[in-house]
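Working notes, structure below.
The values are calculated or read from the model by the stated rules, or taken from the named source; none is laboratory data. Just so you know, these numbers come straight off a predicted model, no measurement behind them. Counting neighbours? That spans all protein chains shown, and the Cβs are built from the backbone with ideal geometry, glycine included.
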Amino acid sequence: MAGKNKEAFTANFKVDDAATRKVIADRYFAIAGTLRGDDAKSIISSRAECTGYLAIGAAWTGPADGTTFFCPIMKKNPEKLSKCVRMSWPGVIMHELSHNARLFKPGALDTAQGPAECKRLSTAQAIKNADTFNMFGQSMALNTVC
Ligand SMILES: [Zn+2]
């Protein structure tokens, strides 16, 4: 790993060793595989409305059943990555699918949100933090450090 990719990896995971790279790569491969439809471990859908406690979030994932759904408020967020934005569709999908414990165990938690909080986590925390998968994934796609 070199350049911006290495910088983004160490910013998010604090280390750049083979063992950590493998753990992270395996998790993104699982996320990518389920998005390609290689397995039946995720069900991704949208809801016509999100009321009550569902209104506090834009998307939700049931870690055990592998169901992710998006709320109508997500329509206000960018569909494509052009800059680091916490609530872009690609970023939120990476975040949400990392919660799916059917893809890898343990499913990620919501320990920290956004680039500043995520970068304060230890390696062990970052590996298990959903928004780190959002921020690092965007960093790789945009060749920067989000
Ligand atoms: Zn989350």
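Figures for the structure shown
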quantity	calculated
Test result for ALA55, modelled with pLDDT under 95 and either aliphatic (A, V, I, L, M) or in a loop (DSSP other than H, G, I, E, B) (or both)	yes
Selection count, segment 115-130, where residues are of a type outside the set (A, V, I, L, M), assigned to a helix (DSSP H, G or I) and farther than 14 Å from ALA8 by Cβ	3
Filtered residues of segment 62-93 (kept if crowded, with 21+ Cβ neighbours inside 10 Å and touching an Asp or Glu at 6+ places or on another chain (Cβ under 9 Å))	THR68, PHE70, SER88, GLY91
Whichever residue in segment 95-114 is surrounded by fewer than 20 Cβ atoms within 10 Å (Cβ to Cβ) and not in a loop (DSSP other than H, G, I, E, B) and, among such residues, is farthest from the ligand (Cβ to nearest atom)	GLY114
Residue count for segment 42-56, restricted to those that are surrounded by fewer than 17 Cβ atoms within 10 Å (Cβ to Cβ) and either closer than 18 Å to MET140 by Cβ or touching a residue at least 12 places away in the same chain (Cβ under 8 Å) (or both)	8
Lone unmet requirement of (1) closer than 16 Å to THR132 by Cα; (2) within 13 Å of the ligand (Cβ to nearest atom); (3) in contact with a helix residue (DSSP H, G or I) (Cβ under 7 Å, 6 or more places away or on another chain) for THR68	(1)
Evaluation of SER45 against (1) within 11 Å of the ligand (Cβ to nearest atom); (2) small (Gly, Ala, Ser); (3) assigned to a strand (DSSP E or B) (one fails), failing number	(1)
